[in-house]
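The values are calculated or read from the model by the stated rules, or taken from the named source; none is laboratory data. In this text, all values refer to a predicted model and were calculated from it rather than measured experimentally. For neighbour counting, all protein chains shown are included, and Cβ atoms are generated from backbone atoms with ideal geometry for every residue, glycine included.
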Amino acid sequence: MTSDSQHNQFFAEIVESSSDDNNDNIDVDLNDESSNNDLELVQVLSFYSKTLKPEISHHVHPKSDDWVRNVLFNLDETRFRRTLRINKSVFFALVNQIQNHSVFYSNANNIQTGVHIQLAVTLFHLGSLSTIWAISTQFGIAEGTVHLFMDRVITAIRSLRSEYIKWPQGDYKKEVHKGFHQIQEFPLVIGAIDGEEYLLGYSAYPLLTFVMTPFKAPNGLQKHQQINYNIKHSKTKVVVEQAFGCLKARFLFLRVMKIRDPPKGVEIIETALIIHNFIEKNGDIWGQIGYNSDRIEIQPEEDSELVDQILDINETNLFKKEYAKIK
């Protein structure tokens, strides 16, 4: 018995030879019985040649953008902010800020998805611990499209860098000085390195004319003053960690970011910083920070002896509070 593959090859060869003889105009004598048989054979072979062609399997996964079209932008303010980590008015202000960037225009005939959707995908990714697959399912798009949208938004957002990541200048610099001074009375503390202001660094950093570090091992006649200095240093410096903590609280992706390409990781972090600063500049503050708490935050990079000093002070403050209650 002839196998299916042999049948397929036989039919293909017959049909191909027929096409070589200009089968659009087959010369057949309808009165000839053999010709009628030939005509029937050609018709049968033509049918089989079409039906026996191997089918190409395309794994098309069902998608739906119903959530985007009918739910996302109809959420109340609280749920919208929880979902995209930004309130609605600031979200659309950011859309207006980036929508004219050239990355959102192409020479192709296909019109790009709206900038507001591309930005929403990016913010959803930054603000959650969802996988790319989960995000693609949520928005009803392909997984590759998630990466495409993010790349475009990152390019557009990073073009705003000079406006939203810069050293304080003029009157704002004076406000920064004043703000740091009000915490623990450190003078001229700022994030700039120009020889006139100071940076507060961990004990691992060298003590320089513009970098103020804690005493690694307070001792001698000024031990108590040195410990007091270390405490004030720690309570002032902690605002940096609080700022990064606020950034990570808004964009959860930064907490567990796993990037194979380090330069791309830098771009994502910079994008998150710019968006965060844009949002806060527009009055959408993610949590409130208290700088005058009696409790001193301990950072893992702190010198071990300094940690012991801080723990002692924390216990002392707690004792004072409990003693005050008894009195």
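Within region 209-265, which residues are in a loop (DSSP other than H, G, I, E, B) and within 27 Å of T83 (Cβ to Cβ)?
F251, V256, M257, K258, I259
Can you pull out the residues in region 87-136 that are outside any helix (DSSP H, G or I), over 21 Å from K264 (Cα atoms) and of a type outside the set (G, A, S)?
Listed by number, the residues that qualify are N87, Q99, N100, Y105, N107, N109, N110, I111, Q112, T113.
Using the structure shown, decide if I193 is out of contact with any strand residue (DSSP E or B) (no Cβ under 8 Å at 6 or more places or on another chain), β-branched (V, I, T) and either in a helix (DSSP H, G or I) or at pLDDT below 80 (or both).
Answer is no for this residue.
If you go through region 230-237 one residue at a time, do you hit one that is in contact with a helix residue (DSSP H, G or I) (Cβ under 6 Å, 6 or more places away or on another chain) and modelled with pLDDT of 90 or more?
Within region 230-237, none of the residues are in contact with a helix residue (DSSP H, G or I) (Cβ under 6 Å, 6 or more places away or on another chain) and modelled with pLDDT of 90 or more.
Can you pull out every residue in region 244-272 that is surrounded by 13 or more Cβ atoms within 10 Å (Cβ to Cβ) and aliphatic (A, V, I, L, M)?
L247, A249, L252, L254, M257, I268, I269, A272 - these are the residues of region 244-272 that are surrounded by 13 or more Cβ atoms within 10 Å (Cβ to Cβ) and aliphatic (A, V, I, L, M).
So is G287 in a loop (DSSP other than H, G, I, E, B) and either of a type outside the set (F, W, Y) or at pLDDT below 75 (or both) or not?
Judged against the criteria, G287 is a match.
So I141 clears everything in (1) part of a helix (DSSP H, G or I); (2) buried (at least 17 other Cβ atoms within 10 Å of the Cβ) except one condition, right? Which one?
(1) is the only condition that I141 fails.
Give region 72-86 a look and list any residue that's surrounded by 10 or more Cβ atoms within 10 Å (Cβ to Cβ) and either part of a loop (DSSP other than H, G, I, E, B) or of a type in the set (D, E, K, R) (or both), or say none.
Scanning region 72-86 gives L75, E77, R79, R81, R82, R85, I86.
Which one is surrounded by the most Cβ atoms within 10 Å (Cβ to Cβ) among residues in region 52-71 that are of a type in the set (A, V, I, L, M) and modelled with pLDDT of 50 or more?
By that ranking, first place goes to V68.
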